[in-house]
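**Student:** After the structure tokens below, expect a handful of questions from me.
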Amino acid sequence: MSTGHGEYIVSRSGDSGFIAVGKLRRQAMEDVNNYASQRNAVAEVISVNEVAAGFGIFPQVDVRFRLVAGERVFASGKETGTTVRGASDARGKSTYQNTAP
């Protein structure tokens with residue numbers, strides 16, 4: 001779903017409290033990557049929000065991203081010179097680096 005300004009969000013939630021957040025995260029990332037590949041682009045993850053299961057709370061994962069192709073961001077149409085290398089986890093641990101000249 002488009003959130004405006006060239007950003008998109010994919011949400012996955014469990015049907016019960018017995019679904020692992022990791023499984024939901026994998027499913028959401030598959031959706032993100034499929035969406036990007038259908039558009040000949042790469043998904044640049046902006047943020048991942050996870051809600052763990054609790055009493056009366058079903059687990060949920062929201063992935064906010066934008067589409068990037070090579071050195072150009074589709075969303076803005078401006079040359080950015082950004083290279084995406086990996087992703088980051090839900091706790092903010094960087095597993096990638098964005099480099100800009």
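**Student:** Name the pairs: first residue in segment 1-23 and in contact (Cβ under 8 Å) with a residue 40 or more places away in the chain, second residue of a type in the set (D, E) and in a helix (DSSP H, G or I), Cβ to Cβ under 7 Å, at least 6 apart or on different chains?
**Tutor:** Pairs that qualify, where the first residue is in contact (Cβ under 8 Å) with a residue 40 or more places away in the chain and the partner is of a type in the set (D, E) and in a helix (DSSP H, G or I), are V10/D31.
**Student:** Tell me which residues, restricted to segment 35-63, are farther than 14 Å from S13 by Cβ and out of contact with any strand residue (DSSP E or B) (no Cβ under 8 Å at 6 or more places or on another chain).
**Tutor:** S37, Q38, F55
Each value in this text was obtained by applying a stated rule to the coordinates, not by laboratory testing. Everything numeric here is computed off the predicted structure, so don't read it as measured data. Virtual Cβ from ideal backbone geometry, glycine too; neighbours counted across all protein chains shown.
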